[in-house]
């Protein structure tokens, strides 16, 4: 018996086809994985179930939930269904939550909208929902605000909002994309437990086959608004027949071809670095506490080497990165770049700073949307004593864009005119334009589709070989770290707890924390034959 049945659904927005003859089912107590890249139509399929569609959208076909025809419901009927019968978990919890309201108020709001209960009763039920989402009130009071929680904890708040009324169907749209590997595993385990406890159906949307490999009972693979393959997950993984499905599986485990051997000469030396922050004071006259974010960290990166740095959120990776880039001075130890200190007389050494660049996780967020690409990628010129001008500047822009697989003409466009993968290429062009020796990649591919991620990793490998670049690759994705790095450092609570050749560390981890990270990493299904 089907809980949700989508039958030959087609969707057009202002006459532009988006979905074409899409069919899928979710049964009570079962998990349906909907897989596809950006633009495949998976999220629009989910929004069609809730009828949260933009103006100009027109649906045909059928959508039924427990026998109820969704497409024939009035807006009032749909409002009664959203939140009560169907819960929704979005990809980015910080945008799904109201920063001005406490987590208790936000979960209780779902209850107050749908049921005539007192505020105190709603708050009691909100506390119960948060407890079920593994946020017990003794550790996470209802009075907390979203900014006081970690990314994984915020996602649990969103899940608590979605399950507060024990819906029949839960839709989770990329709920773990930006989370570190252990938090991702915890969220997926939580969703699986809630499905088992409540007998609800779960539609789990993801661009990564590995994420749903051990979780989904059934699987639908979408491409360009169509279902190209579907069936029970275990059977489907063993007999993928569509070329697109097989390409997704291969891209998930893609290993770029890398050439060249790192030199023995160290380029970056981090020596016993310590970085403290001032915490909250206790009372009016109490002394402020000190929090040690980086605790005696030492390592080096050789010229031409790719070094991975892995660890959960809050382990100190970002603090260490800012110190290496000369953005935060350390209280102890020293950082040397090619023998020169990163800081001199409490100021960043500009001569060193210009030889390092960084690529961030969210390229769109790191660009000014009002500037054209040619201006965006020349931002690092401010580090040069005599920045190029006129024709030399135009040639530098063209060379940087072409080196990452774009054209010189793209310099005249705005950043919103590009896809996510193209934006990340532009971020790489910005990093390359002053020809640095070291590029720090901070979760640079974590939000990309698997095929785009494979292309960017190939590009990084090629650039590293051609230009002799050195990489510090920060990532929570152990598969990416394995494929692109020579050595890896594992960081926990401000300390390096394990280091060594990437394959050796990830295949035979010695430290319990590393073992925990490796165990939590999603495993690809057996290669289809």
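The values are calculated or read from the model by the stated rules, or taken from the named source; none is laboratory data. Note that the structure is a prediction, hence the values are computed from the model and not measured. Quick reminder, even Gly has a Cβ in these numbers, built from the backbone with ideal geometry, and neighbours come from all protein chains shown.
Applying a threshold of 9 Å to beta carbon distances and a minimum spacing of six or more residues, or different chains, the list of pairs starting in segment 499-512 at a residue that is under 14 Å from residue 255 (Cβ atoms) and ending at one that is part of a loop (DSSP other than H, G, I, E, B) reads 502/485; 502/486; 506/521. Checking each residue in segment 75-107 for being under 26 Å from residue 188 (Cβ atoms), part of a helix (DSSP H, G or I) and at pLDDT 95 or above picks out 103, 104, 106, 107. For segment 334-344, indicate whether the set of residues that are over 26 Å from residue 519 (Cβ atoms), in contact with a helix residue (DSSP H, G or I) (Cβ under 6 Å, 6 or more places away or on another chain), assigned by TED's automatic domain parsing to the domain that holds residue 503 and surrounded by fewer than 17 Cβ atoms within 10 Å (Cβ to Cβ) is non-empty. Within segment 334-344, one or more residues are over 26 Å from residue 519 (Cβ atoms), in contact with a helix residue (DSSP H, G or I) (Cβ under 6 Å, 6 or more places away or on another chain), assigned by TED's automatic domain parsing to the domain that holds residue 503 and surrounded by fewer than 17 Cβ atoms within 10 Å (Cβ to Cβ). Within segment 180-194, none of the residues are surrounded by 16 or more Cβ atoms within 10 Å (Cβ to Cβ), out of contact with any strand residue (DSSP E or B) (no Cβ under 8 Å at 6 or more places or on another chain), touching a residue at least 40 places away in the same chain (Cβ under 8 Å) and within 13 Å of residue 35 (Cβ to Cβ). Just one residue in the set 216, 210 is surrounded by 22 or more Cβ atoms within 10 Å (Cβ to Cβ) and in the same structural domain as residue 32 (by TED's automatic domain parsing); that residue is 216.
Matching residues to (1) without any contact (Cβ under 8 Å) to a residue 12 or more places away in the chain; (2) closer than 16 Å to residue 442 by Cβ; (3) not in a loop (DSSP other than H, G, I, E, B):
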position: 321; (1), (2), (3): no, yes, yes
position: 326; (1), (2), (3): no, yes, no
position: 336; (1), (2), (3): no, no, yes
position: 351; (1), (2), (3): yes, no, yes
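Quick check on segment 8-27. Is at least one of its residues closer than 22 Å to residue 163 by Cβ, surrounded by fewer than 18 Cβ atoms within 10 Å (Cβ to Cβ) and in the same structural domain as residue 231 (by TED's automatic domain parsing)? Within segment 8-27 (the criterion being closer than 22 Å to residue 163 by Cβ, surrounded by fewer than 18 Cβ atoms within 10 Å (Cβ to Cβ) and in the same structural domain as residue 231 (by TED's automatic domain parsing)), the answer is yes, since at least one residue qualifies.
Only helices (runs of 4 or more DSSP H) whose full extent lies in segment 168-249 are considered here, and the ones with at least 3 residues that are closer than 18 Å to residue 89 by Cβ are 181-198. In this structure, is residue 304 in contact with a helix residue (DSSP H, G or I) (Cβ under 9 Å, 6 or more places away or on another chain) and part of a loop (DSSP other than H, G, I, E, B)? Yes.
Looking only at residues of segment 394-431 that are within 16 Å of residue 375 (Cβ to Cβ) and in contact (Cβ under 8 Å) with a residue 60 or more places away in the chain, we find that the one that is surrounded by the fewest Cβ atoms within 10 Å (Cβ to Cβ) is 423.
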